[in-house]
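Asker: Sharing a structure with you now.
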Amino acid sequence: WPSVHSGSSDSVRSSDSSPEPGVYKVMLLGDHGVGKTTLAGIFGGTQDTFSHESDHPEDTYERNLEVDGEKTTLMVYDIWEQSGPHTWMQDNCLQMGDAFLLVFSVTDRGSFQRLPGLLLRLRTARPHRHIPVILVGNKGDLARSREVSMEEGRSLAGMLSCKYTETSAALHHNTQELLEGVVRQIRLRKDEGER
Ligand code: GDP
């Protein structure tokens, strides 16, 4: 299973699947080139230092953060493209996530158009679960090559009952807010699921 890369956190945990309170798995899904790895590096706070210790790609990022006064550990997995489409690994990825970021690039309409299919696959794999799904329009800094407007993004998210946000991994814009939003969504859905 993917190696764990410890970021700015003060503890390293093994990535076994036993559910620990306050530890959540966040999966990055989406087309090649939309910015998943760049976002994962920012989320892990490790993009300046990673890849020096082994020749394995570092694909799991751990981040400790405090949201609304409560400590949380997010394990961010950038494994979606690792083994090719429709493989065991992808199915496993859909099964183990506590939250999903469906990332597209606002400069690549194709990556946006493939989101509904991706979401259908997720909902088929996890039909009865309260799982937060956030559509993430990345590369918001590339205004001149934008192919998908913010209104279109919001509107699709509304139709699919997901949250919507835009980020620029290049400028670190909205990335911290997104992570905190993920934590709040996970807590909210867990509370709803328990009622
Ligand atoms: P992945 O295939 O989804 O993991 O995408 P990567 O993270 O490898 O990013 C693909 C390319 O897009 C790289 O050259 C990144 O530097 C670039 N990139 C990622 N995010 C942004 C962004 O927000 N703005 C800009 N301008 N480029 C980005």
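Every number here is computed from the coordinates shown, using simple stated rules; none is lab data. Everything quoted here is computed from the prediction, not taken from an experiment. Note that we place each Cβ from the backbone using ideal geometry, even for glycine, and neighbour counts take in every protein chain shown.
Asker: Under 5 Å between amide H atoms, partner at least 5 residues away or on a different chain: which partners does SER105 have, H built in plane at 1.01 Å?
Answerer: Counting only residues 5 or more places away or on other chains, the set is SER111, PHE112, ASN138.
Asker: Extension gain GLU66-SER83, at 0.36 nm per residue separation less the Cα-Cα distance, in nm?
Answerer: That pair, GLU66 and SER83, stretches by 2.8 nm at full extension.
Asker: Once you place label points 7 Å from the Cα toward the Cβ at ARG129 and ASP191, how far apart are they in nm?
Answerer: For the pair ARG129/ASP191, the computed spacing is 2.1 nm.
Asker: For LYS163, which lysines qualify as cross-link partners when the Cα separation must be under 22 Å and same-chain residues fewer than eight apart are set aside?
Answerer: Qualifying lysines at Cα under 22 Å: LYS25, LYS36, LYS139, LYS190.
Asker: Can you give me the relative contact order of region 69-195 as a percent, contacts being Cα pairs under 8 Å and 6 or more apart?
Answerer: Here the relative contact order equals 24 percent.
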